[in-house]
1. Over the range 115-165, what relative contact order in percent results from Cα pairs under 8 Å that are six or more residues apart?
2. Need one number: % antiparallel among DSSP beta bridges in the range 165-303, to the nearest 5.
3. What's the angle, to the nearest 10 degrees (0 to 90), between helix 139-158's Cα axis and the longest principal axis of the chain?
4. For Cα pairs less than 8 Å apart in space and 6+ apart in sequence, what is the mean separation divided by the residue count of the range 124-196, i.e. the relative contact order in percent?
5. K131 to V21: extension gain in nm, 0.36 nm per residue of separation minus the Cα-Cα distance?
6. Relative to the longest principal Cα axis of the chain, at what angle does helix 55-64 sit, 0 to 90 degrees, rounded to 10?
7. Percent relative contact order of the range 136-240, based on C-alpha pairs within less than 8 angstrom and at least six residues apart?
8. Among 251-258, 98-105, what's the highest-first ranking by average C-beta atoms within 10 angstrom per residue?
Amino acid sequence: MKVLVTGGAGFIGSHLVDQLVKLEYDVHVIDNFSTGKRDFLSPLAHLYKFDIRGNETRQWIQEEKPDVIFHLAAQADVSKSMNEPRVDADTNINGTINILEACRNHDIKKLIFSSTSAVYGNIVRDRISEKDLAEPVSFYGLSKRTAETYIQLISSLYDIPFTILRYGNVYGPRQTVKGEGGVIAVFLDQLKKQKPLNIHGDGEQTRDFIFVKDIVQANLAAIERGNRDIFNISTAQSTSVNQIVNILRQLHKQPVSVRYSAARKGDIQDSCLDNQKAKKWLKWKPKIDIHSGLAETYQYVFS
Ligand SMILES: NC(=O)c1ccc[n+]([C@@H]2O[C@H](COP(=O)([O-])OP(=O)(O)OC[C@H]3O[C@@H](n4cnc5c(N)ncnc54)[C@H](O)[C@@H]3O)[C@@H](O)[C@H]2O)c1
């Protein structure tokens, strides 16, 4: 099966590419290396240094007709979206429309879109479900939600099968300190540089941290399942920032100093996603708990 991974040189995309190559798919990657790295990318994948907004991307899809497109390429940095909303919208909305337009005239098996819990904004719930209202509070959340809506509409007009996956806070090897939700990457970077871990607020704020390899498995499950639907991809477990620090302390085996600073304006206190729907329809469930996931990430950073 011929598959295209946009953003395949990025943090999540490169792990997906590794697994697809291992499973002997014919893997093609489009990436402009704005944040991705060549070193992350498997040499067994075919690489095209294109921009998802450009003609080259559209032509490539029209001519090569991949069976499945995993669309991960995005501007995924929340603060950048707040400073440069036009750049963010251009990549995340226009880039997605460009890909959809290319899919209009050929029988693609599935478009699988990487979305985010940021579409839910500041909603207060023990577990946020897909039925809850998506009311983003960042331009990044808004551009991803808008891209989802374009996918839904274009797909209904032109019969393009799709699955939208909304991830919790993804972490794992190759994550850089920029990008979405990277408190774990930031802490590991500070540890490596022997700096104190900087916690905003009292550290009791919680997030739904999900290991990157579980995200890869959700993408694979979506090839055959979950057509025309949206799924939260999460652990449905809340872990506080202080708990992350404690696990890192156990792994580091050397004193770890911590500095608490003022809470950031606009930061949400708790965010946890319900994953029942993905379990039921994608037949997927997260397999890696926070202890093993952090151990593997720590090992990657310190080896
Ligand atoms: N990391 C997270 O916690 C998280 C959470 C929810 C959703 N997501 C989504 O998952 C996807 C992957 O995120 P990531 O964390 O791996 O980010 P990343 O920045 O590491 O990867 C994005 C990749 O897309 C490429 N890219 C960006 N703009 C491009 C363009 N115009 N043309 C071609 N390539 C382009 C980058 O070079 C990079 O390789 C994104 O769609 C993001 O919104 C990430």
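Quick note: the coordinates plus some simple rules give every number you see, no bench work behind them. What you are looking at is a predicted structure, and each value in this text was computed from that prediction instead of being measured. Neighbour counts are summed over all protein chains in view; Cβ atoms, including those assigned to glycine, are modelled from backbone coordinates with ideal geometry.
1. Working: 47 pairs, mean separation 19.1, N = 51.
Relative contact order here is 38 percent.
2. Details: 2 of 13 bridges.
Around 15 percent antiparallel, to the nearest 5.
3. Result, in degrees: 30.
4. Details: 28 pairs, mean separation 9.7, N = 73.
About 13 percent, as a whole number.
5. Details: separation 110, 0.36 × 110 = 39.60 nm, distance 3.48 nm.
So the extension gain works out to 36.1 nm.
6. Between the helix axis and the principal axis of the chain, the angle is about 60 degrees.
7. Here the relative contact order equals 35 percent.
8. The peptides rank, most packed first, as 98-105, 251-258.
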